[in-house]
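One structure is given here, and the rest of the page talks about it.
Nothing in this text is a laboratory measurement; each read-out follows from the coordinates by a stated rule. Keep in mind it's a predicted model, so treat the numbers as computed, not measured. Using ideal geometry, Cβ is built from the backbone for each residue, glycine included, and neighbour counts are taken over all protein chains shown.
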Amino acid sequence: MVDIRKKPPLVVAGYQTRQTPQLKTIPKHSSCFCPADYAPYFGSLFRHGCGPTTLENVWKHLLPDRRLFATPSGRHALWYFLTLANLQPGDEVLVPAYNFYAIVRLLEQKGLVPVFVDIEPDTLCLDPQDLAARITSRSRLVIVCHMFGHPADLSSVMTICQRHNLLLFEDCAHAIGTWCQQKHVGQAGDGALFSFGIMKLLNTFGGGMLTLSEHWAAAYQDPVYPGSAISSFFRTFSRVLLSFLMTPRVYGWFLHPMTRLTSMLAEAGWSSLYSVVPSTRHLSLYTFTLASRAPFKPFMLPMCERQLVHLEENIAQRKTCVDAIKADLLSIDEIGLLNEDRHGCANRSYFGIYVPDPEALAGHLEQCGIATCAHEFNNCAALPQFAAYQTNCPHAHYAAAHLLRLPSYPELSNSQVRQIVTAIKTFFQKG
Ligand SMILES: *Cc1c(COP(=O)(O)O)cnc(C)c1O
């Protein structure tokens, strides 16, 4: 255990003392790109196509049991699956209550009825016992989410689905490199979504993937993308730019001050700015449209390929970082730790801790030059926009109120890891 008295504390006299220059702020997320990682994108501006490789070639070592289809985003993959599975309006879909609210909106837009299921507090994933209790004669589909990259209890969920003849879909948006029962996730049920968005573990400037079992793959037809070439260009280009601005050494110079300024203006009354800096406290009513994302582009394949080469190393470094921080936080009674690997091997794409007041700690860490995220996901079972399906999910409620997400990416140096631990300890010592 580190004795923090040996190091000068970062914050000496309360919140006002700002010893770490904000320009060095540690972002909460990084894609860990080097300049060469942008090459497939810039190359694609000058030539078309990218050789004979296919999505299935790129992924077959991880997903040998499934047929793979490129999609404009993870949510498109779910939308296509819902269409393919021919669910009828009024059919019930069981989803974890602690969730990304856009996923629930998709169900609602399809005329389906979301039935919220509570989560396991230590994995943040669907609780199989609560799932079993909420099944009715109208239930058709179960969506599990490997939240934060923690594997869900797939074997229990599969047993329940088989017993009640329910379809199973996995949300693997956080879970590239997550394993459950000696298998990569995304191959357990009827289908799964993967996301290659700019905030995800594998970033191809947008794009996603639908995995299907043979049964469904036989009937699947690639939908036509309805957007224009020019909007497609700008949607991708804006993600290239944002990814660059999120690079740890660049983040503090532009994106960080801009995000802070925009949030301050939004809080001061310009609430329309909440669409630019989404705040989970001010969720607008999301509406999915097919043209809302650029289609999957050929340059995204070599980008996947490049990042998959480093996947194991990426995850091993995340584990080292998360384990080091967790070991140092064990002694703080106010902090609750998760059990990431309870049902397999988590990729640590997100790293969360339970604290009494995540906003207060986030504010303190901000002053110490560490960007974090409180309330990243919601208890959808209690959101006003889903009032029609409201139900009591105490663990989802607790997670939404008390989780704080900390940085966990491989580029964090040992001294940055110490900086994070020291800042958290200082906060709780002040009492
Ligand atoms: C990001 C995300 C998605 C959807 O991914 P997109 O590619 O942005 O559509 C789905 N589920 C969860 C939990 C996510 O975080």
Note on the range 168-265: alpha-carbon gyration tensor, axes a ≥ b ≥ c; rule is a/c under 1.5 for rounded, else prolate if a/b larger than b/c, else oblate; result oblate
Filtered hits (lysines, Cα-Cα < 21 Å from K297, offset >= 8 within chain) -> K60, K200
Got a sec to turn the phi values of the range 157-165 into Karplus ³J(HN,Hα) couplings, 6.51 cos²θ - 1.76 cosθ + 1.60 with θ = phi - 60°, whole Hz, x for Gly and Pro? 5, 5, 4, 5, 4, 5, 4, 9, 6
Output ³J(HN,Hα) for the range 418-425: one whole-Hz value per residue in order, computed from phi by the Karplus curve 6.51 cos²θ - 1.76 cosθ + 1.60 with θ = phi - 60°, and x for Gly and Pro. 4, 4, 5, 4, 4, 4, 5, 4
If you place +1 on the Cβ of every Lys and Arg and -1 on the Cβ of every Asp and Glu, how big does the dipole about the Cα centre of the range 123-225 come out, in debye to the nearest 20? 140
Points 7 angstrom from Cα along the Cβ direction at T259 and A218: gap in nanometres? 4.7
Rounded to 10°, Cα long-axis angle of helix 311-329 versus longest principal axis of the chain: 50
Restricting to Cα pairs under 8 Å and 6 or more apart, the percent relative contact order of the range 203-345 works out to 33
Under the rule rounded for a/c under 1.5, else prolate if a/b exceeds b/c, else oblate, using alpha carbon gyration tensor axes a ≥ b ≥ c, the range 95-152 is classed as oblate
Using amide H atoms built 1.01 Å from N in the peptide plane, name the residues 5+ places from N378, or on other chains, whose amide H lies under 5 Å from its own. N99, Y101
Only bridges with both residues in the chain count here: give the DSSP antiparallel percent, nearest 5. 60
Tell me, what HN-Hα J-couplings in whole Hz come from the Karplus equation 6.51 cos²θ - 1.76 cosθ + 1.60 at θ = phi - 60° for each residue of the range 129-145, using x for Gly and Pro? 5, 5, 4, 4, 6, 9, 6, 10, 6, 8, 5, 10, 9, 10, 10, 9, 10
From DSSP H assignment alone, runs of 4+ in the chain each adding -39500 (n - 2.57), the sum over residues rounded to the nearest 500 puts [θ] at 222 nm at -10500 deg cm²/dmol
Dividing the convex hull volume of the alpha carbon atoms of the chain by its residue count, what do you get in Å³ per residue? 144
The chain, relative contact order [Cα under 8 Å, separation at least 6], %: 25
Taking Cα pairs under 8 Å and at least six residues apart, what relative contact order does the range 340-396 come out at, in percent? 18
Between V250 and S238, what length comes free when the chain is fully extended (0.36 nm per residue of separation minus the Cα-Cα distance, one decimal in nm)? 2.7 nm
Using only the Cα atoms of the range 211-317, build the gyration tensor, take square roots of its eigenvalues as a ≥ b ≥ c, and label the shape rounded, prolate or oblate: rounded if a/c is under 1.5, else prolate if a/b is larger than b/c, else oblate. oblate
